[in-house]
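Q: Sharing a structure below in structure tokens format, with a few things to ask.
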Amino acid sequence: MRIAIISDMHGNDLAFEAAEADLQRQSIDQIVCLGDAIQGGPQSAAVVQRLRALNCPVVMGNADAWLISGEETTDEGIPPERLQKMGDVRLWSLSQLSDDDRTFISSFQPTITLNLEGNLDLLCFHGSPASFDDVILPTAPQEDFEKFLGAYADHILTGGHTHAQQIRRNGELFFFNPGSVGFAYSHNQPDDQFHADSWAEYAILTVENGQTSLEFRRIPFDSKELIRIYRESGRPFVDEAIAQYQK
């Protein structure tokens with residue numbers, strides 16, 4: 001069985017289109033999305049349309065929940081000015097969506113379990129199985145990692161949220177993050193020199209006759225075309241978003 005795991009499109013349908021074209025060449029049996037699909041980028045409605053067409057199970061991400069409810073659940077202490085900007089972008093994103101689109105987003109699930117073979121399951125979530133706000137970075141101390149995931153060591157685990165491709169052993173099995181389709185970036189860069197990557201990330205998990213393999217993929221997209229889309233979108237604070245793709 002070959003499963004494509006996508007996550008964190010964040011309203012970037014240009015990158016999503018590139019990832020979908022690539023995965024269509026990979027003999028995939030199942031696709032699953034780990035959430036944070038819609039909010040942030042310039043193509044909210046197009047991402048919803050593409051995701052609905054895939055007809056795959058979708059996990060509820062923190063940005064998905066915030067888009068629909070407007071309720072901030074994290075305790076990260078976001079500065080008021082940034083929160084105001086995020087709120088303006090959220091309202092714009094909502095204005096691009098139909099009632100059916102919003103109902104579709106509201107149907108996303110907290111976790112999804114897929115049987116791989118025999119007694120082996122894949123447990124899919126956004127942040128952790130307990131909360132879409134939990135952060136599991138590659139640098140997380142082992143104590144924190146086990147706090148979030150140790151109780152689920154009888155599953156292969158996959159989560160998004162951090163936009164960081166990684167694999168980490170968990171008991172006899174493992175946890176992995178497929179990265180971000182629509183907003184990939186390095187965590188090892190200064191905040192005042194932030195740069196987003198012009199590629200779409202996802203992963204392919206293959207399980208067959210007791211053998212398991214995991215492939216991380218990075219598919220380039222045209223950042224100049226994304227900048228053009230941003231400029232024509234009407235999204236608030238477009239210059240700040242564009243600056244992330246300019247070196």
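The values are calculated or read from the model by the stated rules, or taken from the named source; none is laboratory data. Being a predicted model, the structure only gives us computed values, none of them experimental. All Cβ positions, glycine included, derive from the backbone under ideal geometry; neighbour counts span all protein chains shown. The accessibility values were calculated without ligands, DNA or RNA, using every heavy atom of the protein model including side chains. Shrake-Rupley method; radii C 1.70, N 1.55, O 1.52, S 1.80 Å.
Q: How many residues does segment 198-247 contain that are surrounded by fewer than 17 Cβ atoms within 10 Å (Cβ to Cβ), of a type in the set (Lys, Arg) and under 15 Å from Gly41 (Cα atoms)?
A: 3
Q: Taking Arg25, is it of a type in the set (Lys, Arg), open to solvent by 40 Å² or more (accessible area, probe 1.4 Å) and part of a loop (DSSP other than H, G, I, E, B)? Reasoning before the result, please.
A: Working: of a type in the set (Lys, Arg): yes; open to solvent by 40 Å² or more (accessible area, probe 1.4 Å): yes; part of a loop (DSSP other than H, G, I, E, B): yes.
When the stated conditions are applied, Arg25 passes them.
Q: Which residue is least open to solvent (accessible area, probe 1.4 Å), if the candidates are limited to segment 93-135 and must be over 25 Å from Leu205 (Cβ atoms) and in a loop (DSSP other than H, G, I, E, B)?
A: The residue in question is Leu97.
Q: Being over 19 Å from the mean Cα position of the chain (by Cα) and free of Cβ contacts under 8 Å to residues at least 60 places away in the same chain: is that true of Ala153 here? Give the steps one after another, and end with the answer.
A: Working: over 19 Å from the mean Cα position of the chain (by Cα): yes; free of Cβ contacts under 8 Å to residues at least 60 places away in the same chain: yes.
Yes, satisfied.
Q: Could you go through segment 53-71 and let me know if any residue there is in contact with a Phe, Trp or Tyr (Cβ under 9 Å, 6 or more places away or on another chain), exposed (fewer than 15 other Cβ atoms within 10 Å of the Cβ) and either assigned to a strand (DSSP E or B) or not aromatic (Phe, Trp, Tyr) (or both).
A: The answer is no; no qualifying residue exists.
Q: Which of the residues belonging to segment 136-181 are open to solvent by 40 Å² or more (accessible area, probe 1.4 Å) and small (Gly, Ala, Ser)?
A: Correct list: Ala151, Gly171.
Q: Then there's this: Could you check, for segment 221-244, whether at least one of its residues is in a strand (DSSP E or B) and under 20 Å from the mean Cα position of the chain (by Cα)? Steps first, please.
A: Quick first cut of segment 221-244, residues in a strand (DSSP E or B) only: none.
No: segment 221-244 contains no residue that is in a strand (DSSP E or B) and under 20 Å from the mean Cα position of the chain (by Cα).
Q: Looking at Gln39, Gln24, Gln30, Gln84 in this structure, which one is touching a residue at least 24 places away in the same chain (Cβ under 8 Å), farther than 17 Å from Phe183 by Cα and of a type in the set (S, T, N, Q)? Reasoning before the result, please.
A: On the way: Gln39 fails: farther than 17 Å from Phe183 by Cα; Gln24 fails: touching a residue at least 24 places away in the same chain (Cβ under 8 Å); Gln84 fails: touching a residue at least 24 places away in the same chain (Cβ under 8 Å).
Step by step, each of Gln39, Gln24, Gln30, Gln84 is checked, and only Gln30 is touching a residue at least 24 places away in the same chain (Cβ under 8 Å), farther than 17 Å from Phe183 by Cα and of a type in the set (S, T, N, Q).
Q: With out of contact with any Asp or Glu (no Cβ under 6 Å at 6 or more places or on another chain), more than 30 Å from Glu117 (Cα to Cα) and at pLDDT 95 or above as the only criterion, which of Tyr230, Tyr202 stands out?
A: On inspection, the qualifying residue turns out to be Tyr230.
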